[in-house]
Amino acid sequence: MAAGRASVNLHRIADDVRKIPDAGLIAAAKLVKKLADDEARRATGDGDMHGKKRRAIKLRARDKGIRPVDGGRAILILGQPAGPWVWVNTGTNAHQIRRRKKGPMRKMVVHHPGTRGKRAWSNVIDRSHELVPRIFTDAVHEAVR
């Protein structure tokens, strides 16, 4: 009787271990997207980049689904839209911008001093390097229990 129960437990453990890669990748993607939202809020105040009259740009992260990579599986997470994430991460250099006025003065340009980067996406990467391995460690421990 005990041998039958042990066999059932081994089959359950094998099934749980087989599910770890995909379930772990999905959990990791959700975590990284949450980290990106947190960093966007920290860098901009509310997660949106606001202009004077233009609609705000929402900084977010998207995943491209689980893909086979070098004999394993991976999920790609991208900051969307890419340009504003780069500006928030590394900043901008000094540059000329066109005045936003109507009439004959609209062609004038003014000097913009640039902005300092806040390392927002770099912080997402650093925090995910620390937290994502814990997801897989916890999943293995849970499967073996």
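The values are calculated or read from the model by the stated rules, or taken from the named source; none is laboratory data. The structure displayed is predicted, hence computed values, not measured ones. Heads up, the Cβs are rebuilt from the backbone with ideal geometry, glycines too, and the neighbour counts pull from every protein chain shown. Keep in mind that these areas ignore ligands, DNA and RNA; they rest on the heavy atoms of the full protein, side chains included. Shrake-Rupley method; radii C 1.70, N 1.55, O 1.52, S 1.80 Å.
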inquiry  = Looking at the stretch 69-80, can you tell me whether even one residue there is at pLDDT 90 or above and more than 30 Å from PRO21 (Cα to Cα)?
reply    = no
task = Could you tell me whether any residue of the stretch 102-114 is in contact (Cβ under 8 Å) with a residue 40 or more places away in the chain and either in contact with a helix residue (DSSP H, G or I) (Cβ under 6 Å, 6 or more places away or on another chain) or over 21 Å from ASP37 (Cα atoms) (or both)?
result = no
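Yes/no per residue for (1) farther than 21 Å from GLU130 by Cα; (2) of a type in the set (A, V, I, L, M, F, W, C):
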site: ARG41; (1), (2): no, no
site: ARG55; (1), (2): yes, no
site: VAL69; (1), (2): yes, yes
site: ARG98; (1), (2): yes, no
site: PRO104; (1), (2): yes, no
task = Identify the residue in the stretch 75-97 that is surrounded by fewer than 13 Cβ atoms within 10 Å (Cβ to Cβ) and small (Gly, Ala, Ser) and, among all such residues, is farthest from ALA29 (Cα to Cα).
result = ALA94
remark   = Log entry, pairs with first residue in the stretch 39-58 being open to solvent by 70 Å² or more (accessible area, probe 1.4 Å), second being in a helix (DSSP H, G or I), beta carbons closer than 6 Å, six or more apart or on different chains, reads none
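Answer yes or no: is there a residue in the stretch 61-68 that is open to solvent by less than 100 Å² (accessible area, probe 1.4 Å), in contact (Cβ under 8 Å) with a residue 40 or more places away in the chain and farther than 16 Å from TRP121 by Cβ. So that I can check it myself, show each step before the final result.
Kept after step one, since they are open to solvent by less than 100 Å² (accessible area, probe 1.4 Å), are these residues of the stretch 61-68: 61, 63, 65-66.
Next, only the ones that are in contact (Cβ under 8 Å) with a residue 40 or more places away in the chain stay: 61, 66.
The next check asks that each one be farther than 16 Å from TRP121 by Cβ; those that pass are 66.
Yes; the residues of the stretch 61-68 include at least one that is open to solvent by less than 100 Å² (accessible area, probe 1.4 Å), in contact (Cβ under 8 Å) with a residue 40 or more places away in the chain and farther than 16 Å from TRP121 by Cβ.
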ask   = For the stretch 99-135, what are the residues that are open to solvent by 60 Å² or more (accessible area, probe 1.4 Å), under 27 Å from ALA40 (Cβ atoms) and either modelled with pLDDT of 95 or more or not hydroxyl-bearing (Ser, Thr, Tyr) (or both)?
value = ARG100, PRO113, ARG116, LYS118, ARG119, ILE125, ASP126, ARG127, HIS129, GLU130, PRO133, ARG134
note = Residue count, the stretch 100-135, condition closer than 24 Å to ASP48 by Cβ and among the basic types (Lys, Arg), comes to 5
